[in-house]
1. For region 190-206, in order, what is each residue's ³J(HN,Hα) by Karplus, 6.51 cos²θ - 1.76 cosθ + 1.60 with θ = phi - 60°, in whole Hz (x at glycine and Pro)?
2. Could you give each residue of region 265-272 its phi-based ³J(HN,Hα) in whole Hz, using Karplus coefficients 6.51, -1.76, 1.60 with θ = phi - 60°, and x for Gly or Pro?
3. For every other residue with a beta carbon closer than 10 angstrom to the beta carbon of Arg121, add +1 if it is Lys or Arg and -1 if Asp or Glu, then tell me the sum.
4. Mind giving me the FRET efficiency for Val361 and Glu249? R0 is 41 Å, r the Cβ-Cβ distance, nearest 0.05 is fine.
5. Roll a 1.4 angstrom probe over the protein heavy atoms and tell me the percent of accessible area of the chain that is carbon or sulfur.
6. Across the chain, what fraction of all alpha-carbon pairs, as a whole percent, falls in each successive 10 Å bin from zero upward?
7. Please list, short to long, the whole-number percent of alpha-carbon pairs of region 349-407 in consecutive 5 angstrom bins beginning at zero.
8. Report, in degrees rounded to the nearest 10, the 0 to 90 angle that the Cα long axis of helix 113-128 makes with the longest principal axis of the chain.
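The values are calculated or read from the model by the stated rules, or taken from the named source; none is laboratory data. Bear in mind the structure is a predicted one, so any value in this text is a computation, not a measurement. Heads up, the Cβs are rebuilt from the backbone with ideal geometry, glycines too, and the neighbour counts pull from every protein chain shown. The accessibility values were calculated without ligands, DNA or RNA, using every heavy atom of the protein model including side chains. Shrake-Rupley method; radii C 1.70, N 1.55, O 1.52, S 1.80 Å.
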Amino acid sequence: MARQAQHLHRVLPAGLAGMELIAALKGLIAAGACLPGGEAWKRRGLAILERELPRQILADGGHAARSPAHHLAVLRDLIDLRATLHKAELHDGDPGADPAGGHSHGGQSGAPAALHEAIERMAPALRMFQHGDGGLALFNGANEDEGWLVDMVLQRAGGRRRALRDAPESGFQRLRAGRATVLVDAGTPPPPGLDSAAHAGTSAIELSIGRERLIVNCGARADDPAWRRAQRATAAHSTLVLGDTNSSEVLAGPGLGRRAEITRCRREESEGATWIEVVHDGYRHGFGQIHRRRLYLTADGGELRGEDRLDPCRRSARGAPFAIRFHLHPDVQASLSQDGAAAILRLPKGGGWCLRAGGAVLGLEPSIYLGRRGEIRRGQQVVLSGHCAPQGVKVKWAIKRIDRKRG
């Protein structure tokens, strides 16, 4: 262990970034705090950590990789580090130490203030990614994870702050009303070096009703190269795809090439209802089109309305086929209405929802769900398809709860 710690002391940061660097620093600092003669290791690790935290933890508490999974992993490591430093402080007999894992007013904590502040900011941001079942949203390489695990990390983080609703720096939005929770990827993909898990899912949404997931993204199998490229494609997310092209360029290896930029994100709330507009330029380069997505969640959570537009941004704008995809959780049963104008969505516990649209042809297609670690499940997706003319296109849709009394 001492030889490994000496190696880390010599080579870090060693070209590492993101959660991998935090994990390596956790090892170096823990060795420095626990092994005899390790003070220099601890000082070196803490110095790098204090430089790294402002780079990775954004002002709203989100992690710069924009992945709920990376966020959870980094927060767990930081909490472990805080606990290790407190234990070491207690072992040294510091009277200011608090056995509960904090510190008393009579002395300074063994953990630096920047570490405490990062944990305090990250906890509400982690809550933002939770669906009603307690698990995580499926953005940028994340899986559901077990709700109890996420709750345990939040409990260890301490504090009682509520989930963020608006995270402008990390680029996510959370809408909550009644039993409905909507999560939106409203941010530009992460920068090079922090984009190893980045997906081309700009403006994608997820929707859960109570503890049941209704609209999802396909998720990820991080340990399976055969799925790596497909799961990162725009078509694997509940958003619009133009010309069967990714909104950001998905490279064969990790990371992204050309990236969609968010050019506008607006949020308004009134009497319990929430309205959001997200605009990105991911189809400017190849098609000369701008994607605008507007979402409105009613105050009772009984209806989510949406509008997807493609607006030309130059004279040479191209037309192309488009598809607006709503991937369904595999536990959801879907069927088309008799006239084919709507999709009826049934949740496992019997709740019914109806998806209607105007300006596109509505249909059902197969889907794949990778949202639970180690599983590959078949599912369905509702697809709104059509052809975007050079002058653009507008599609309106709504997902509305079915009144049980009316069937």
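1. In residue order, the calculated couplings are x, x, x, x, 10, 10, 4, 9, 5, 10, 8, x, 4, 6, 5, 10, 9 Hz.
2. My calculation for region 265-272 gives 9, 10, 9, 9, 10, 8, 6, x Hz in order.
3. Details: positive: Arg161; negative: Asp60, Glu117, Glu120.
My count for the surroundings of Arg121 gives -2.
4. Values: r = 28 Å, r/R0 = 0.69.
Working from the Cβ atoms, E equals 0.90.
5. Details: 8960 of 18210 Å².
The value for the chain is 49 percent carbon and sulfur by accessible area.
6. With a bin width of 10 Å, the distribution comes to 5, 22, 30, 22, 12, 7, 2, 0.
7. The distribution over region 349-407 is 4, 13, 16, 16, 19, 15, 10, 5, 2, given as percents.
8. Roughly 20 degrees between the two axes.
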